[in-house]
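Working notes, beginning with the structure itself.
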Amino acid sequence: MVATGALGAVGAAAVAWPFINNLNPAADTLALSTVEVNVTPIAVGQAVTVKWRGKPVFIRHRTEAEIKEAEAVPMSQLPDPETDNKRVTDTAKKVRPEWLIMIGVCTHLGCVPLGNKPGDPKGEYGGWFCPCHGSSYDTSGRIRKGPAPTNLVIPDYLFTSDSLVRIG
Amino acid sequence: MASSHGTPPVFNNKVIAWVDHRLPIFSYIEKEYHTFPTPRNFNYFWNFGAIATVMLVLMIATGIVLATNYTPHVLMAFDAVERIDRDVPQGWLIRDLHMNGASFFFIAVYIHIFRGMYYGSYKAPRELLWMLGVVIFLLMMATAFMGYVLPWGQMSFWGATVITNLFSAIPVVGESIVTWLWGGFAVDNPTLNRFFALHYLLPFVIVAVVALHVVALHVHGSNNPTGIDVKGPQDTVPFHPYYTMKDGFGVMVFLIIFAAFVFFAPDYLGHPDNYIPADPLVTPAHIVPEWYFLPFYAILRAIPDKLGGVLAMFGAIAVLFILPWLDTSRVRSCTFRPIYKWFMMLLVVDVIVLGICGSKPAEGFWVPLSQLATLYYFAHFLVLLPILGKIERPLPLPPSIADSVLKKKAV
Amino acid sequence: MRAMRKPFARKFLVSGAIALAALATGTVAIAAGGTEPPPANKWHFQGPFGTFDRAAAQRGYQVYQEVCAACHSLRLVAYRNLMDLGLTENQVKGLIKDITVPDLNDDGAPIDRPARPSDRFKSPFPNLAAAAAANNGKAPPDLSVMIKARANGADYMHALLTGYVPYDKLTPEQIKEFDVKKDDNFNKYFPGHKIAMAAPLSDDKVTYADGTKATLSQQASDVTEFLAWAAEPHMEDRKRTGVRVILFLLALAGLMYAVKRVVWADKH
């Protein structure tokens, strides 16, 4: 009796799983999971937005001043402490402080922060500013003020040469 | 009581009698909507259950017709809605009815909820009736949210993004849940397609829960403005024609106001940004949900912590489920509760203040104001309600409903 | 007791309605953003009985076609729709005789064929990316529903088209506050003031066939009238239907009330 019930429950779970899993990302969606970008056209101080997995990815060619500013921030001032160095390291552990590559989605509720285009407001900390609920990010994309709980997310990326970066 | 009245009806029409003998639907209608004994002292607040039902039927009817012309695809949805507006015969009418109908459905339901709270309709023996109502409210919110995504304008897209992202606040599994909800790595075509499917499905689930809501209502019958129980036939009138006619009149008045919006200000309750096609790379300056979500949106933003905000928002609705057990008073109606009555009014003001806060950008004095209003919202249910019931001295209750009606007449 | 309770119920409904109205206007006020609100104009299509001024809308079509259409699409409107503005089918065919639209021939090769009244307005660029590439990275927005896509759309459109301030007329404070460069376009009513579009209209930019003097404000009004029609071609039908529906509902509500009074007569 108990055994029958248990086996039945296993069967029910096995039937339920395809229905639940059906809603997960499909193979064609997953296939778009990496993107390659040539970074040579991006001048110092400029940034571009590329689309990756339906999300905007910010690639910023940082100025010396921006790098210095990001490195100088004491960890105690950060709601989500993380060194600048760690945020500019690719998957091969190579550090390129001039390239900041991160997902341009506010960690609060998923808006796209402003600050990538020349005329955009950059917020109090000179990085990015989310217009939805007022989160401000610094020149390393770290959260400094506002409701966002964590820093802008760094995706896995790898510089396959000095000019080519693969995201994902 | 519903069970204790009258003999089974006799039908003169042979066909009706034949059917009823095999499937007693006519007896059921006769018993529950004709002779059903209903308190004789309802005020116009008791119209809103019928009004909400009319709106539900209207939403389903217009929705089915719209679905025959709609295309749930990110490249075509915006244009499909515009085509309904421009080229489909009287498509503009059906669409304006549907999009304003959502707002007016919520207006009716909010007034209906207020009436239940003010007159203590949630108290024993109507706790389950009330809880089924909260379930309906939740289902309505889910349906309305997914429906707002379908025109695929800027507010559709960003509203969906903000709300689905709420689930990412759940520790550990949050991100996987959000990916599962989206069917991808962002709100995109799979999301739109499944929202359409669910938006079509959920209203029928609402119909089913409404049926249970009515079954539960007819077990003990309706509450009434005095909150005292029906004591005998002198306290009631048959539902038809007394309340069918009164409800009919109330529905007409409501529909006149509704029609004024549909025909003369169809976009007044909407947001202009939703006439801009969705663009995943451009965030609108202020993301505002539909007006009926604003109080809850304000509660979400009032808490400076992501998970905390999400919990508070869901808590604001969850607290309604346990309302019958938070109220410790021995009388139902606020009419006889001299102190709580004013706090009930304050709650209405509070929810309106929250709504206004929700429509403003989260900056300046709106932030502390929304925090204060959130604090009152929870304090009202969790602190004031249990304590006041113990210390407040209710006014003397009339001996019966009939008595209260006769006394009114004498004044 | 009765005298007390009934007005109380009514009072509640009224205050609820007021609160709702306040809420809704609050939302609209936000959408307008930080810049100064556009001045309110009188429009022929305003109010519960307002209709489109056909002559103005036809002139507005001319402004759109000769000026705006170089960059802005109107992809939701079809040439046949112009007949709603009082043009005959032959007039419409005449207007589009020089326009060609992309299609496929019988062999499946891409061709340009003459436009037909059933075609939607031809867009100036083949797709959004091309539109963006030709305009410094930002595609000029489609104008089909532009009037509905901005708060107080018609007033905003007129204000925007007439609200340009040349660089040498700006105060030093404005130049400093908004970081205006010599080549920037400054518009009083655009959020943030710096707008990618150079002033599109000026006095006598078009020549009207009906002899109307083509001042800047006149052209702006005309093209707004046209775009208001384009955004909601069925508006007149909507208002006409509304008047009938509300009259019908009032009559039915009146009857319902009378019946309700009669039914309740013995219970009050």
Residue hits (the range B:26-56; within 25 Å of the chain's Cα centre (by Cα), among the polar types (S, T, N, Q) and in a helix (DSSP H, G or I)) are B:47, B:53
Per the filter on the range A:72-101, residues surrounded by 12 or more Cβ atoms within 10 Å (Cβ to Cβ) and outside any loop (DSSP other than H, G, I, E, B) are A:84, A:85, A:87, A:89, A:95, A:99, A:100, A:101
Picked from the range B:173-194 (must be in a helix (DSSP H, G or I) and aromatic (Phe, Trp, Tyr)), the residue farthest from the chain's Cα centre (by Cα) is B:180
(1) surrounded by 20 or more Cβ atoms within 10 Å (Cβ to Cβ); (2) more than 25 Å from residue B:53 (Cβ to Cβ) all hold for residue B:232 apart from (1)
Requiring at least 3 residues that are in the same structural domain as residue C:44 (by TED's automatic domain parsing), at pLDDT 95 or above and within 23 Å of the chain's Cα centre (by Cα), the helices (runs of 4 or more DSSP H) wholly within the range C:54-147 are C:54-66
So the helices (runs of 4 or more DSSP H) completely within the range B:280-378 holding 1 or more residues that are out of contact with any Pro (no Cβ under 7 Å at 6 or more places or on another chain), at pLDDT below 95 and not assigned by TED's automatic domain parsing to the domain that holds residue B:173 are B:294-302, B:306-321, B:340-359
Looking across the range A:78-110 at residues that are basic (Lys, Arg) and without any contact (Cβ under 8 Å) to a residue 24 or more places away in the chain, the single one that is farthest from the other protein chains (Cβ to nearest Cβ) is A:93
Over the range B:262-279, the set of residues free of Cβ contacts under 8 Å to residues at least 60 places away in the same chain and either assigned to a loop (DSSP other than H, G, I, E, B) or more than 10 Å from chain C (Cβ to nearest Cβ) (or both) is B:265, B:267, B:268
Taking the range B:74-90 and keeping residues assigned to a helix (DSSP H, G or I) and free of Cβ contacts under 8 Å to residues at least 24 places away in the same chain leaves B:79, B:80, B:82, B:83, B:84, B:85, B:86
By residue number, the members of the range A:5-49 that are under 29 Å from residue A:116 (Cα atoms), surrounded by fewer than 12 Cβ atoms within 10 Å (Cβ to Cβ), within 14 Å of chain B (Cβ to nearest Cβ) and among the polar types (S, T, N, Q) are none
Expected output for the range C:201-213 (first residue in a loop (DSSP other than H, G, I, E, B), partner surrounded by fewer than 11 Cβ atoms within 10 Å (Cβ to Cβ), Cβ below 9 Å, 6+ apart or cross-chain) is C:203/C:213; C:204/C:213
By my count, strands (runs of 3 or more DSSP E) wholly in the range A:103-146 with at least 1 residues that are in contact with a Gly (Cβ under 6 Å, 6 or more places away or on another chain) and polar (S, T, N, Q) are A:136-138
By residue number, the members of the range B:91-122 that are at the interface with another protein chain (Cβ under 10 Å from one of its Cβ atoms) and either outside any helix (DSSP H, G or I) or farther than 18 Å from residue B:251 by Cβ (or both) are B:91, B:92, B:93, B:96, B:114, B:118
When every residue in the range A:138-154 that is under 13 Å from the mean Cα position of the chain (by Cα) and crowded, with 17+ Cβ neighbours inside 10 Å is compared, the one nearest to the other protein chains (Cβ to nearest Cβ) is A:143
The residue that is surrounded by the fewest Cβ atoms within 10 Å (Cβ to Cβ), considering only those in the range B:220-229 that are under 21 Å from the mean Cα position of the chain (by Cα) and more than 8 Å from chain C (Cβ to nearest Cβ), is B:221
Only one of (1) over 18 Å from the mean Cα position of the chain (by Cα); (2) modelled with pLDDT of 95 or more does not apply to residue B:258, and that is (1)
Being more than 20 Å from residue A:54 (Cβ to Cβ) and modelled with pLDDT under 85 narrows A:71, A:98, A:124, A:82 down to just A:124
Exactly one of B:245, B:345, B:313, B:252 is facing another protein chain (nearest Cβ under 7 Å) and either closer than 26 Å to residue B:397 by Cβ or in contact with a Leu (Cβ under 7 Å, 6 or more places away or on another chain) (or both), and that residue is B:252
Per the filter on the range B:332-360, residues of a type in the set (A, V, I, L, M, F, W, C) and in contact with a Lys or Arg (Cβ under 6 Å, 6 or more places away or on another chain) are B:334
Would you confirm, using the coordinates I've provided, whether residue C:200 is touching a Gly at 6+ places or on another chain (Cβ under 6 Å), surrounded by 12 or more Cβ atoms within 10 Å (Cβ to Cβ) and either assigned by TED's automatic domain parsing to the domain that holds residue C:35 or at pLDDT 95 or above (or both)?
no
Out of (1) crowded, with 20+ Cβ neighbours inside 10 Å; (2) over 11 Å from residue B:301 (Cβ atoms), the one residue B:370 does not meet is (2)
**Prompt:** On the given criteria, is residue B:71 in a helix (DSSP H, G or I), of a type in the set (Ser, Thr, Tyr), in the same structural domain as residue B:112 (by TED's automatic domain parsing) and more than 30 Å from residue B:10 (Cα to Cα)?
**Reply:** no
The residue from C:243, C:223 that alone is of a type in the set (A, V, I, L, M) and within 14 Å of chain B (Cβ to nearest Cβ) is C:243
Does residue C:241 fit the bill of being hydroxyl-bearing (Ser, Thr, Tyr), surrounded by 12 or more Cβ atoms within 10 Å (Cβ to Cβ) and assigned by TED's automatic domain parsing to the domain that holds residue C:35?
yes
Filtering the range B:1-15 for residues that are farther than 22 Å from residue B:235 by Cβ and either surrounded by fewer than 11 Cβ atoms within 10 Å (Cβ to Cβ) or at pLDDT 95 or above (or both) leaves a count of 6
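The values are calculated or read from the model by the stated rules, or taken from the named source; none is laboratory data. No experiment lies behind these values; they were computed from the predicted model shown. Reconstructed Cβ throughout: ideal geometry from the backbone, glycine too, with neighbour counts over all protein chains shown.
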